């Protein structure tokens with residue numbers, strides 16, 4: 001257990017940050033699932049959902065919540081699926 005006031009504050013601060021980061025990661029997963037479902041169903045909103053996911057992932061990478069390469073990987077995989085679905089039409 002921490003002994004100094006600054007260490008106790010750091011623990012409180014890191015817990016707040018952890019919860020905030022967890023919420024962002026969860027939102028990324030949720031939007032990705034929605035986008036994949038829309039792509040699979042050939043829904044018209046798939047393009048907009050891809051844009052939303054891409055924006056959120058970029059913001060998370062910029063803030064250090066996820067690694068930039070992971071962000072690019074998420075976007076690339078979704079884009080491939082979207083392009084494949086549009087090519088099949």
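Okay, residues lined up against (1) surrounded by 14 or more Cβ atoms within 10 Å (Cβ to Cβ); (2) outside any loop (DSSP other than H, G, I, E, B); (3) out of contact with any helix residue (DSSP H, G or I) (no Cβ under 6 Å at 6 or more places or on another chain); (4) touching a residue at least 12 places away in the same chain (Cβ under 8 Å):
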residue: 6; (1), (2), (3), (4): no, yes, yes, no
residue: 10; (1), (2), (3), (4): no, yes, yes, no
residue: 13; (1), (2), (3), (4): no, yes, yes, no
residue: 22; (1), (2), (3), (4): no, yes, yes, no
residue: 32; (1), (2), (3), (4): yes, yes, no, yes
residue: 35; (1), (2), (3), (4): yes, yes, no, yes
residue: 65; (1), (2), (3), (4): yes, no, no, yes
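Give the range 52-63 a look and list any residue that's touching a helix residue (DSSP H, G or I) at 6+ places or on another chain (Cβ under 9 Å) and either exposed (fewer than 13 other Cβ atoms within 10 Å of the Cβ) or modelled with pLDDT under 95 (or both), or say none.
Once the filter is applied, which keeps residues that are touching a helix residue (DSSP H, G or I) at 6+ places or on another chain (Cβ under 9 Å) and either exposed (fewer than 13 other Cβ atoms within 10 Å of the Cβ) or modelled with pLDDT under 95 (or both), the range 52-63 yields 62, 63.
For residue 75, state whether it is within 12 Å of the chain's Cα centre (by Cα) and at pLDDT 95 or above.
Answer is yes for this residue.
Taking the range 37-47 as the search range and keeping residues that are exposed (fewer than 12 other Cβ atoms within 10 Å of the Cβ) and without any contact (Cβ under 8 Å) to a residue 24 or more places away in the chain, which one is nearest to residue 85 (Cα to Cα)?
Among residues in the range 37-47 that are exposed (fewer than 12 other Cβ atoms within 10 Å of the Cβ) and without any contact (Cβ under 8 Å) to a residue 24 or more places away in the chain, the one nearest to residue 85 (Cα to Cα) is 41.
Sort out which residues of the range 67-89 are surrounded by 12 or more Cβ atoms within 10 Å (Cβ to Cβ) and touching a residue at least 12 places away in the same chain (Cβ under 8 Å), and write them in order of number.
Residues satisfying the conditions are 71, 74, 75, 78, 79, 81, 82, 85.
Applying the selection to the range 67-89, what residues are farther than 17 Å from residue 41 by Cβ and not in a helix (DSSP H, G or I)?
67 - this is the single residue of the range 67-89 that is farther than 17 Å from residue 41 by Cβ and not in a helix (DSSP H, G or I).
For residues that are within 9 Å of the chain's Cα centre (by Cα) and under 13 Å from residue 81 (Cα atoms), tally how many sit in the range 19-36.
Qualifying residue count for the region: 1.
The values are calculated or read from the model by the stated rules, or taken from the named source; none is laboratory data. Treat the numbers as computed from the prediction; the structure is a model and nothing was measured. In this analysis, Cβ positions are derived from the backbone assuming ideal geometry, glycine residues included, and neighbour counts consider all displayed protein chains.
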